[in-house]
1. Can you pull out the residues in the range 2-29 that are among the hydroxyl-bearing types (Ser, Thr, Tyr), surrounded by fewer than 23 Cβ atoms within 10 Å (Cβ to Cβ) and either assigned to a loop (DSSP other than H, G, I, E, B) or within 11 Å of ligand 2 (Cβ to nearest atom) (or both)?
2. Give the number of residues within the range 94-135 that are touching a residue at least 60 places away in the same chain (Cβ under 8 Å) and among the hydrophobic types (A, V, I, L, M, F, W, C).
3. Would you call residue 140 of a type outside the set (S, T, N, Q) and surrounded by fewer than 21 Cβ atoms within 10 Å (Cβ to Cβ)?
4. For residue 130, are the conditions met, namely being under 16 Å from the mean Cα position of the chain (by Cα) and more than 16 Å from ligand 2 (Cβ to nearest atom)?
5. Would you say residue 89 is in contact with a strand residue (DSSP E or B) (Cβ under 8 Å, 6 or more places away or on another chain), within 25 Å of residue 209 (Cβ to Cβ), surrounded by 16 or more Cβ atoms within 10 Å (Cβ to Cβ) and not hydroxyl-bearing (Ser, Thr, Tyr)?
6. Across the range 183-204, what is the total count of residues that are in contact (Cβ under 8 Å) with a residue 60 or more places away in the chain and either within 12 Å of ligand 1 (Cβ to nearest atom) or of a type in the set (Ser, Thr, Tyr) (or both)?
7. Which residues, counting only those in the range 74-127, are assigned to a helix (DSSP H, G or I) and within 25 Å of residue 152 (Cα to Cα)?
8. Among the residues of the range 167-211, which ones are aliphatic (A, V, I, L, M) and closer than 15 Å to residue 22 by Cα?
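Any read-out appearing in this document is the output of simple, stated calculations on the displayed coordinates, not a laboratory observation. Quick caveat: nothing in here was measured; it's all calculated off a predicted structure. Positions of Cβ are backbone-derived with ideal geometry, glycine not excepted, and every protein chain shown enters the neighbour counts.
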Amino acid sequence: MVKIAPSILSADFAHLAQSVQAVERAGAEYLHIDVMDGHFVPNITIGPPIVQALRPHSKMLFDVHLMIESPDRYIPDFIKAGADLVCIHAEACTHLHRCVCQVKELGARVGVSLNPHTPLSLIQYVLPMLDLVLLMTVNPGFGGQKFIPEVLPKIEALSRLIKRKGLAAEIEVDGGINTETAPLVARAGANVLVAGSAVFGADDPARAVQAIRQAAEK
Ligand code: DX5
Ligand code: ZN
């Protein structure tokens, strides 16, 4: 069974609550919230006030993807605003273990994200502590980019590793996920599928959520 995590990056920011409720009614499990700082990635997006404003409008798990430098400075604000899961980039953390502990101590679930080129070995010693590993299937920074197929063997390797060690971490993929790429990542072992443009760029986002799920479960 896969979980679908629509990314609000591609939603209409003037009607966020309605967009979120439409995908929730369609059965999406996670709401993926992309936070960018203009440093770690070239783009700037949203901060804790948006998370807080959306919180009363949805019961979905708020999956906050921090594409920011020094995430330790902002983790408390995002959790206070309503993040259920906080995902930090291994490449942005000199003290990754400390950041992972910080999220857990504040009572949220914790994920670590890896850029397409970053080897799995970087998270070897924190993997048992994680609720989720987010494998980027595009270079982070923008919605609507093309899926990078070179990440598929990394998804397979992580899936094998998690099984072999009997760990609980979910495998989330993010970037270029649509009805064509969903079956590839699901077969490789991903179970949380982020989709931005394929959901909110569609005429009917609710139907797009269902179509991606169906494609993945085929
Ligand atoms: C990319 C973001 C993604 C993005 C995905 O940097 O982390 O979550 O919104 O968008 P699509 O699904 O359009 O590739
Ligand atoms: Zn993301």
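1. 10
2. Counting residues in the range 94-135 that are touching a residue at least 60 places away in the same chain (Cβ under 8 Å) and among the hydrophobic types (A, V, I, L, M, F, W, C) gives 2.
3. Values: of a type outside the set (S, T, N, Q): yes; surrounded by fewer than 21 Cβ atoms within 10 Å (Cβ to Cβ): no.
It is false that residue 140 is of a type outside the set (S, T, N, Q) and surrounded by fewer than 21 Cβ atoms within 10 Å (Cβ to Cβ).
4. In short, yes.
5. Considered against the rule, which asks whether it is in contact with a strand residue (DSSP E or B) (Cβ under 8 Å, 6 or more places away or on another chain), within 25 Å of residue 209 (Cβ to Cβ), surrounded by 16 or more Cβ atoms within 10 Å (Cβ to Cβ) and not hydroxyl-bearing (Ser, Thr, Tyr), residue 89 comes out as no.
6. 9
7. Taking the range 74-127 first, the residues assigned to a helix (DSSP H, G or I) are 75-81, 90-92, 96-105, 120-123, 127.
Within the range 74-127, 90, 91, 92, 96, 120, 121, 122, 123, 127 meet the criteria.
8. 195, 198, 199, 202, 206, 208, 209, 211
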